[in-house]
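The next block holds one structure in the form of structure tokens; read it before the comments.
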Amino acid sequence: MDWKPDRSDKKPIYKQIAEYIEKGISAGDFPTDLPLPPERRLAEKLNVNRSTIVAAYDELQSIGLVERKKGSGTWISTDIWGLSHKRMPNWGRYVEGGSFLPNQPVVQRLRTETQREDLIDLASGELAPDLFPSETFQEIFTKTPFHGHLGYDHPQGNEMLRETISMHAKEYRDIQINPESILITSGAQQAIHLIVQCLLKPGDAVAIEDPSYAYSLPIFQTAGLKVLHLPIDENGVNPDDIEHLHKKHRLRMLFLNPDHQNPTGTKLSLSRRKRILEISSEYGIPIIEDDPYSLTSFSGETGPTLKSMDHLGNVLYISSLSKIVASGLRIGWVMGPEKVIERLADAKQQVDFGHSVFPLWVANEFLGSGQFKGHISMLRQQLHERRDQLISSLNSHLREKTDYFIPEGGIHFWCKIIEPMDEFRLLEESIKRGVAFVPGNVLGTKKGYIRFTFGRGDIDSINEGIRRFADVLRQMVKIKN
Ligand SMILES: Cc1ncc(COP(=O)(O)O)c(C=O)c1O
């Protein structure tokens, strides 16, 4: 308890303490199955006389918030609602009781820690600020007049942008799709969320890669889905595993991130792509192809996407501008049969009435401009250099302590820690040293792995981050042995 009464305040100290405890009770900070802190201990903690605490507890008793039981202390009243004239909601219980599950604590912790300026962020899955096309955007803002409609837009998202995305899909991903079969979403994440909410029901079995970014999303658990895992090797998931899982659990959907997968960086091989499409059509299993990374391929060689090979309409294709332009735009899209797109668009309308018109406008200007191509080749080259830096830093600072797969695109690097180690403790110690990564357990069932994101930092910070990490790892190995 860091709080202390304010002695300069005109309000009596016992009242301040009573109000503080009252707030704590309503926020659920004090467990209801244990007494409140004993008077003497609380008095010492707050540096007041015991009689002040007695007065504060008396005050709370007088409004029915606490009960004082002889010999067992002061307890939160079991009938707060009936007796208190203030009728406070117990926010703590509300916060815990909602059906939408919170993020894992370590994800929440990383979100807070990565706001720190002194921390080298090798954890957040996004591009470094110098990789955003900021100047081009500035030009668009200053030189291009906005003539767009300012009311609610089409339920599937701005028509012009959908036209542009349709042309982009043809040029860059070999996907032939008309604008009516596209829904613009708030990032790829919203597309996944809408699919889970609209097309699946509790108890449905779905298969995801293991490890996978999807593993870190509580939206599958929130929807009550049975989540089954498909182990990944260097060529992606094994089609035989999909068939096996389907025969056992009757899969309702398959979630795959075939290109430069998050977190492993692997690419699903062509023969496996073909076989997975065969399995999908043989058993009627829809595939969700989540593809934010294919355009980052260092060699420039992309595809073929599953969607471009799908002639039956079995694949719902998701992509986004987050990893190739700017995550803050929150522009993603999903492509699929019109019937499905209309259903998802209807749900999106219920959630947010569609996207804000300005990111749609600027995305359309940029994606449709000649500058997009140049931006992507700059991005590929930069990401390639940053990946190489990460490898060279690992080799010089941590020779033989790690093992890794070398990704040929994307922004993530999956790294095995040779000496068995608690990755969460490793993270805690690393944060103290000023560097963060994602423990593998957040992203899958495999122990002993961590994910570095090389797209998030510049060359110097990647090297310094790995140097700090290496210090921590060596120290922990030393203590262990
Ligand atoms: C594979 C994959 N899919 C989807 C997303 C969500 O991205 P966004 O919602 O920013 O488009 C991410 C983000 O890390 C990702 O790695």
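The values are calculated or read from the model by the stated rules, or taken from the named source; none is laboratory data. This one's a predicted model, so the numbers in the text were calculated from it and none came from an experiment. As a convention, Cβ positions derive from the backbone with ideal geometry for all residues, glycine included, and neighbour counts pool all protein chains shown. Ligands, DNA and RNA are excluded from the accessible area calculation, which covers all protein heavy atoms including side chains. Shrake-Rupley method; radii C 1.70, N 1.55, O 1.52, S 1.80 Å.
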- Quickly run through region 291-313 and pick out the residues that are buried (at least 22 other Cβ atoms within 10 Å of the Cβ) and under 17 Å from HIS168 (Cβ atoms). ASP291, PRO292, TYR293, SER294, LEU295, THR296, THR305, LYS307
- Restricting the first residue to region 183-198 and requiring it to be among the small types (Gly, Ala, Ser), which pairs with a second residue that is more than 12 Å from the ligand (Cβ to nearest atom) meet a Cβ separation below 8 Å and a spacing of at least six or different chains? SER186/ASP352; SER186/HIS355; ALA191/LEU183; ALA191/LEU344
- Subset of region 182-225 [over 25 Å from GLY313 (Cβ atoms) and touching a His at 6+ places or on another chain (Cβ under 7 Å)]: ASP210
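State the number of residues belonging to region 57-79 that are within 18 Å of PRO89 (Cα to Cα) and assigned to a strand (DSSP E or B). Write out each step before concluding.
Start the filter on region 57-79 by keeping residues that are within 18 Å of PRO89 (Cα to Cα), which leaves 60-61, 63-66, 75-79.
Applying the additional criterion that residues be assigned to a strand (DSSP E or B) yields 66, 75-76.
Counting residues in region 57-79 that are within 18 Å of PRO89 (Cα to Cα) and assigned to a strand (DSSP E or B) gives 3.
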- Query: With ILE431, ILE479 as the choices, which residue is open to solvent by 60 Å² or more (accessible area, probe 1.4 Å), more than 27 Å from LEU268 (Cβ to Cβ) and aliphatic (A, V, I, L, M)?
  - Reply: ILE479
- Of the conditions (1) farther than 20 Å from GLN189 by Cα; (2) touching a strand residue (DSSP E or B) at 6+ places or on another chain (Cβ under 9 Å), GLU385 fails just one. Which one is it? (2)
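Taking helices (runs of 4 or more DSSP H) that do not extend beyond region 153-243, which have at least 1 residues that are at pLDDT below 95 and either away from the ligand (no atom under 16 Å from the Cβ) or under 23 Å from SER322 (Cα atoms) (or both)?
Working: elements: 159-173, 187-199, 219-222.
The helices (runs of 4 or more DSSP H) meeting that bar are 159-173, 219-222.
Determine, yes or no, whether ILE418 is open to solvent by 40 Å² or more (accessible area, probe 1.4 Å) and either modelled with pLDDT of 95 or more or of a type in the set (Phe, Trp, Tyr) (or both). If you could, list the steps in order and put the result at the bottom.
Details: open to solvent by 40 Å² or more (accessible area, probe 1.4 Å): yes; either modelled with pLDDT of 95 or more or of a type in the set (Phe, Trp, Tyr) (or both): no.
So ILE418 does not fit the description; no.
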- Return yes when ILE276 is among the hydrophobic types (A, V, I, L, M, F, W, C), touching a His at 6+ places or on another chain (Cβ under 8 Å), open to solvent by less than 10 Å² (accessible area, probe 1.4 Å) and away from the ligand (no atom under 16 Å from the Cβ) and no when it is not. no
- Task: Please verify whether region 157-180 includes one or more residues that are of a type in the set (Lys, Arg) and out of contact with any strand residue (DSSP E or B) (no Cβ under 8 Å at 6 or more places or on another chain).
- Result: yes
- Residue within region 355-374 that is within 13 Å of the ligand (Cβ to nearest atom), in contact (Cβ under 8 Å) with a residue 40 or more places away in the chain and among the hydroxyl-bearing types (Ser, Thr, Tyr) present: no
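Which one is nearest to the ligand (Cβ to nearest atom) among residues in region 328-339 that are in a helix (DSSP H, G or I) and surrounded by fewer than 20 Cβ atoms within 10 Å (Cβ to Cβ)? Give the steps one after another, and end with the answer.
Let us first name the residues in region 328-339 that are in a helix (DSSP H, G or I), namely 328-329, 338-339.
Applying the additional criterion that residues be surrounded by fewer than 20 Cβ atoms within 10 Å (Cβ to Cβ) yields 328, 338-339.
On the way: GLY328: 9, GLU338: 23, LYS339: 24 Å.
Looking at the filtered set, the residue picked out is GLY328.
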- Message: Looking at TRP75, TRP3, can you tell me which residue is touching an Asp or Glu at 6+ places or on another chain (Cβ under 7 Å), surrounded by fewer than 19 Cβ atoms within 10 Å (Cβ to Cβ) and at pLDDT 85 or above?
- Response: TRP75
- Message: Being modelled with pLDDT under 95, within 16 Å of the ligand (Cβ to nearest atom) and not basic (Lys, Arg) is true for just one of THR302, THR266, THR296. Which residue is that?
- Response: THR302
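Restricting to region 7-33, name every residue that is of a type in the set (A, V, I, L, M, F, W, C) and at pLDDT 90 or above. Break it down stepwise before answering.
So the first thing to find is which residues in region 7-33 are of a type in the set (A, V, I, L, M, F, W, C), and the list is 13, 17-18, 21, 25, 27, 30.
Listed by number, the residues that qualify are ILE13, ILE17, ALA18, ILE21.
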- Please work out if VAL237 is over 20 Å from the mean Cα position of the chain (by Cα), assigned by TED's automatic domain parsing to the domain that holds ARG162, under 21 Å from THR305 (Cβ atoms) and open to solvent by less than 20 Å² (accessible area, probe 1.4 Å). yes
- From GLY300, GLY313, GLY284, residue being of a type outside the set (Phe, Trp, Tyr), touching a residue at least 60 places away in the same chain (Cβ under 8 Å) and in the same structural domain as GLY336 (by TED's automatic domain parsing): GLY300
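Suppose we keep only residues that are more than 17 Å from the chain's Cα centre (by Cα) and in contact (Cβ under 8 Å) with a residue 40 or more places away in the chain within region 246-259. Which one would you say is farthest from the ligand (Cβ to nearest atom)? Even if it seems obvious, please write down each step before you answer.
Here is the first cut: in region 246-259, the residues more than 17 Å from the chain's Cα centre (by Cα) are 246-254, 258-259.
Now restrict to residues that are in contact (Cβ under 8 Å) with a residue 40 or more places away in the chain: 249-254, 258-259.
Values: HIS249: 23, ARG250: 25, LEU251: 19, ARG252: 20, MET253: 15, LEU254: 14, PRO258: 10, ASP259: 9 Å.
The extreme case among them is ARG250.
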- Message: Every residue in region 388-414 that is at pLDDT 95 or above, open to solvent by less than 30 Å² (accessible area, probe 1.4 Å) and not in a helix (DSSP H, G or I), please.
- Response: PRO407, GLY409, GLY410, ILE411, HIS412, PHE413, TRP414
- Task: Would you check if there is a residue in region 380-387 being at pLDDT below 95, more than 16 Å from the ligand (Cβ to nearest atom) and surrounded by 18 or more Cβ atoms within 10 Å (Cβ to Cβ)?
- Result: no
- Task: Filter region 22-45 down to residues that are within 16 Å of GLU59 (Cβ to Cβ) and free of Cβ contacts under 8 Å to residues at least 40 places away in the same chain and give me whichever is surrounded by the fewest Cβ atoms within 10 Å (Cβ to Cβ).
- Result: LYS23
